[in-house]
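Notes follow once the structure below has been shown.
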Amino acid sequence: MRIGISAGVGKNKTIRDALQEQGLSLDYVCGGIGRCGKCAVRVISGHVPVTGADRAFFSKEALEQGWRLACQMQVADDIEIEVAEDLVCQKEAGIQVAGLYPQDEKTDQGVPTKAAYGIAIDLGTTTIGFSLVDLATGQVESCLSRMNSQRIYGADVLSRIQSANEGHGDDLRRYAESGLTQGIKDLCKNRIQVSDIRHIVIAGNTTMCHLLRGYSCQTLGVSPFQPVSIKQEDFVQKGIAVTILPGASAFVGGDIISGIYGIREHMDADEPWMLLDFGTNGEMVLWTGEEYFATAAAAGPAFEGGNISCGCASIPGAISSVMIAGRNSHTRTIGGLPAIGICGSGILEAVSGMKKGGSWTKTAPLRRISRRMDLP
């Protein structure tokens with residue numbers, strides 16, 4: 001895909017900013033600070049100086065061919081760039097969380113129903129999960145997930161906090177709202193009327209909930225890591241009750257709290273147990289039989305291959321499983337699609353297989369090893 005950017009439009013801006021003004025963006029895993037190398041583009045025409053970050057990621061030959069990092073490129077001349085079409089995200093704008101659906105809207109079949117439904121939403125840093133629940137029976141009728149389009153501002157919560165503090169808070173809120181809106185729309189399509197939804201419950205880590213509500217993140221990323229609010233929030237949108245579940249701290253949020261509520265009734269209250277939430281913001285809770293202990297870690301860069309040349313999120317086409325037998329490697333991708341990269345589970349299995357097979361050493365960079373596996 002070729003994109004032209006004029007000096008008049010992009011003057012004194014990075015390619016990242018110029019693309020976003022056109023409603024387009026790339027995947028900025030590091031938040032656009034030149035550390036992940038995921039926003040590589042090739043300059044077809046026009047002059048773009050080489051930066052230190054470019055030299056860190058591209059060989060001399062690649063630089064001569066015009067490869068640059070979009071987040072570091074400053075527009076000085078009219079230029080034309082080339083980027084893989086499947087890496088371009090189109091911005092969803094002007095969408096509100098609960099404003100799309102008239103209460104009298106019918107399903108495609110036009111069949112009204114008196115059933116009452118709830119929607120449970122896991123607002124994750126990387127993906128957003130949706131479940132449609134029959135409130136009369138408690139049965140989950142349907143589930144789906146979609147990528148969190150806030151990823152263009154970084155793969156982890158600290159990158160999102162930094163972006164919000166640099167003036168992108170409103171954009172991050174709109175991306176969250178549009179993701180929720182589209183997910184709800186897809187979940188309900190051909191199944192129920194929106195008027196049948198009685199309650200929407202949202203669980204997410206503290207940063208994601210702050211960005212959704214438009215709260216300041218100024219104190220989230222610096223000690224003593226003070227959130228604006230971690231209380232449960234209840235409000236009404238277009239006649240639908242909405243609840244945002246409470247968190248415990250700046251990095252132990254409503255997602256892990258909802259997990260505690262979900263499993264504790266099935267556990268022996270006097271026996272210790274541990275709950276692990278392996279996500280971009282990894283959280284864990286230990287119940288000792290008397291009290292809870294919780295902590296969190298920024299697991300995103302490890303699980304999404306942030307500094308791996310072929311690393312990617314757990315999306316269709318990502319290598320999720322690797323089996324190594326002798327000199328041969330066998331891989332499985334998400335959805336059985338052609339490989340586009342390798343995600344965290346694939347990286348862990350690859351490293352494990354290499355160590356067992358003797359092809360891994362402490363000094364061998366995974367970046368180079370992944371290339372030996374003939375990944376794209």
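Overview of values
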read-out: Hey, Ala203 in a loop (DSSP other than H, G, I, E, B) and under 24 Å from Ala313 (Cα atoms) or not; value: no
read-out: Members of the range 310-327 that are closer than 21 Å to Thr126 by Cβ and in a loop (DSSP other than H, G, I, E, B); value: Cys310, Cys312, Ala313, Ser314, Ile315, Pro316, Gly317
read-out: Some residue of the range 108-119 being at pLDDT 90 or above, open to solvent by less than 70 Å² (accessible area, probe 1.4 Å) and under 26 Å from the mean Cα position of the chain (by Cα); value: yes
read-out: Hey, Trp273 at pLDDT 85 or above, crowded, with 18+ Cβ neighbours inside 10 Å, more than 15 Å from the chain's Cα centre (by Cα) and not hydroxyl-bearing (Ser, Thr, Tyr) or not; value: no
read-out: Top-ranked residue in the range 208-230 [being modelled with pLDDT under 90 and not hydroxyl-bearing (Ser, Thr, Tyr); ranked as surrounded by the most Cβ atoms within 10 Å (Cβ to Cβ)]; value: Leu220
read-out: Among the residues listed as Ile256, Ile260, the single one being of a type in the set (A, V, I, L, M), assigned to a helix (DSSP H, G or I), under 30 Å from Trp287 (Cα atoms) and more than 22 Å from the chain's Cα centre (by Cα); value: Ile260
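The values are calculated or read from the model by the stated rules, or taken from the named source; none is laboratory data. Since the structure is predicted, the reported quantities are computational estimates derived from the model, not experimental observations. Positions of Cβ are backbone-derived with ideal geometry, glycine not excepted, and every protein chain shown enters the neighbour counts. Calculation scope for accessible area: heavy atoms of the full protein, side chains included, ligands and nucleic acids excluded. Shrake-Rupley method; radii C 1.70, N 1.55, O 1.52, S 1.80 Å.
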